[in-house]
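Since the structure comes first, as structure tokens, the remarks are kept for the end.
The values are calculated or read from the model by the stated rules, or taken from the named source; none is laboratory data. These numbers were taken from a predicted model, which means no experiment stands behind them. Virtual Cβ from ideal backbone geometry, glycine too; neighbours counted across all protein chains shown. The accessibility values were calculated without ligands, DNA or RNA, using every heavy atom of the protein model including side chains. Shrake-Rupley method; radii C 1.70, N 1.55, O 1.52, S 1.80 Å.
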Amino acid sequence: MDDIAAEIDDYLDRYAGTLTSYDAQAAAALWGSPGMILNDEQGAGVLESREAMARGLEQSYPLYRRLGLASVGFERLSHEQLSATIYLVRVRWLFYDQDGNRMTDSLASYILRRDDGGLRAFVCVPADDVEKLQALAAEKGVSLFDETLGEGQPHENPA
């Protein structure tokens, strides 16, 4: 494994750990600012600060707890160096229940940039998180919507 692959795996391992521990502040610290989520449903969502990222993550935590999410793992599918400090990373996030059974997975691509503080994500392009989340919620009989968010506003995927 080359040095950058090990560094990317370390980054993804730390990110998965923050998701497992529901630590929104630590997860947001792994992002650059501004950060962007780019998807087919809503288009581009820009989070201007790490505080905004943490708030967005925290909004999804009650749903993930109701679904029984106990831990998050990953498989790095590929990485490509785009420039001296920028990398495109494709990852499969693996979501497990308290018994270690895989509940679902989700594919995403990230643009990571390396600086003196290490790697940070600046862009996430989730591929199938909405569909996978809907299927898991239906299987478990859990609503994706919360009265406090308003009708038709789904929670964000943590990955």
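Confirm whether VAL91 is open to solvent by less than 50 Å² (accessible area, probe 1.4 Å), β-branched (Val, Ile, Thr), touching a residue at least 12 places away in the same chain (Cβ under 8 Å) and closer than 18 Å to VAL123 by Cβ. Considered against the rule, which asks whether it is open to solvent by less than 50 Å² (accessible area, probe 1.4 Å), β-branched (Val, Ile, Thr), touching a residue at least 12 places away in the same chain (Cβ under 8 Å) and closer than 18 Å to VAL123 by Cβ, VAL91 comes out as yes.
Looking only at residues of region 121-138 that are in a helix (DSSP H, G or I), more than 11 Å from the chain's Cα centre (by Cα) and not aliphatic (A, V, I, L, M), we find that the one that is farthest from GLN81 (Cα to Cα) is GLN134. Answer yes or no: is there a residue in region 123-145 that is over 17 Å from PHE74 (Cα atoms) and at pLDDT 95 or above. Checked against the condition, which is being over 17 Å from PHE74 (Cα atoms) and at pLDDT 95 or above, region 123-145 yields at least one hit. The residue pairs whose first member lies in region 20-35 and is in contact (Cβ under 8 Å) with a residue 24 or more places away in the chain, whose second member is part of a helix (DSSP H, G or I) and aromatic (Phe, Trp, Tyr), and whose beta carbons are closer than 8 Å, counting only pairs six or more residues apart or on different chains, are TYR22/TYR61; TYR22/TYR64; ALA24/TYR61; ALA27/TYR15; LEU30/TYR11; LEU30/TYR15.
Out of GLY68, GLY45, one residue alone is on the phi > 0 side of the Ramachandran plot and open to solvent by 20 Å² or more (accessible area, probe 1.4 Å). It is GLY68. Highlighted here are the strands (runs of 3 or more DSSP E) found entirely within region 1-91 that include at least 2 residues which are farther than 20 Å from GLY118 by Cα and modelled with pLDDT under 95: 31-39, 43-47. Take LEU112 and tell me if it is modelled with pLDDT of 95 or more, surrounded by fewer than 16 Cβ atoms within 10 Å (Cβ to Cβ) and under 23 Å from ASP40 (Cα atoms). Spelling it out, it is not the case that LEU112 is modelled with pLDDT of 95 or more, surrounded by fewer than 16 Cβ atoms within 10 Å (Cβ to Cβ) and under 23 Å from ASP40 (Cα atoms).
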